[in-house]
Amino acid sequence: MKTEIRLATAADAPAIAALYREVARLSGGLARTEDEITTDYIEGNLTAALTRGLCLIAESEGRCVGEIHACAPAPKQFAHVLGDLTVAVSPATQGQGIGRRLFEALIAHSGQRLPHIRRIELLCREGNKRGIALYESLGFVQEGRLKGRVRLPDGTVEDDLYFGLILNSKS
């Protein structure tokens with residue numbers, strides 16, 4: 001089964017929404033629950049990524065099995081930063097390198113399509129050991145810890161870890 005990574009378009013919103021609902025329902029891999037994944041949420045993130053950042057999807061046999069997006073904040077002083085990053089991979093295809101390929105494509109496209117981008121930021125729950133290992137293997141560095149930020153479904157809380165990747169040291 002071949003998986004292609006491509007730039008997303010606004011027409012991909014329904015497929016991205018279906019992916020997010022699947023991931024939220026089956027793996028708990030998103031900060032939002034399935035019922036919080038609304039059309040407005042998907043279209044808002046997609047519009048922001050398409051206008052101020054990047055959105056890529058992974059397709060296999062015509063089905064969206066992965067998505068990554070990030071966008072620059074509105075204030076000009078942060079225009080060199082891609083943040084609000086979310087990555088989702090279908091539970092059926094997790095562990096096959098799709099997440100890594102999405103990140104590698106995001107990093108490559110940032111350099112090619114958005115040469116003003118110098119930094120990519122993300123947050124990750126401290127309990128997401130596979131995610132942390134992936135981010136560190138891609139060169140992301142843990143830069144901070146937001147204590148007690150995430151309340152899990154069982155009521156316990158854990159920290160969110162703040163990671164950054166410097167793409168280019170030029171000012």
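The values are calculated or read from the model by the stated rules, or taken from the named source; none is laboratory data. Keep in mind it's a predicted model, so treat the numbers as computed, not measured. So basically every Cβ, Gly included, is an ideal-geometry build from the backbone, and we count neighbours across all protein chains shown. The area values use the complete protein model at the heavy-atom level, side chains included, leaving out ligands, DNA and RNA. Shrake-Rupley method; radii C 1.70, N 1.55, O 1.52, S 1.80 Å.
The table for this structure:
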item	result
Residue within region 30-38 that is modelled with pLDDT under 95, in contact with a Pro (Cβ under 8 Å, 6 or more places away or on another chain), open to solvent by less than 60 Å² (accessible area, probe 1.4 Å) and closer than 22 Å to G127 by Cα present	no
Those residues of region 92-101 which are within 21 Å of A18 (Cβ to Cβ) and either open to solvent by 40 Å² or more (accessible area, probe 1.4 Å) or modelled with pLDDT of 95 or more (or both), in sequence order	A92, Q94, G95, Q96, I98, G99, R101
Residues (at pLDDT 95 or above and either more than 20 Å from the chain's Cα centre (by Cα) or open to solvent by 100 Å² or more (accessible area, probe 1.4 Å) (or both)) located in region 159-171	I166
Residue satisfying all of: in region 45-71; open to solvent by less than 80 Å² (accessible area, probe 1.4 Å) and of a type in the set (D, E); farthest from the chain's Cα centre (by Cα) among these	E59
Exclusive hit being in contact with a strand residue (DSSP E or B) (Cβ under 6 Å, 6 or more places away or on another chain), more than 17 Å from R130 (Cβ to Cβ) and not hydrophobic (A, V, I, L, M, F, W, C), set R63, R52, R21	R52
Odd one out for E104 among (1) more than 15 Å from the chain's Cα centre (by Cα); (2) open to solvent by 50 Å² or more (accessible area, probe 1.4 Å)	(1)
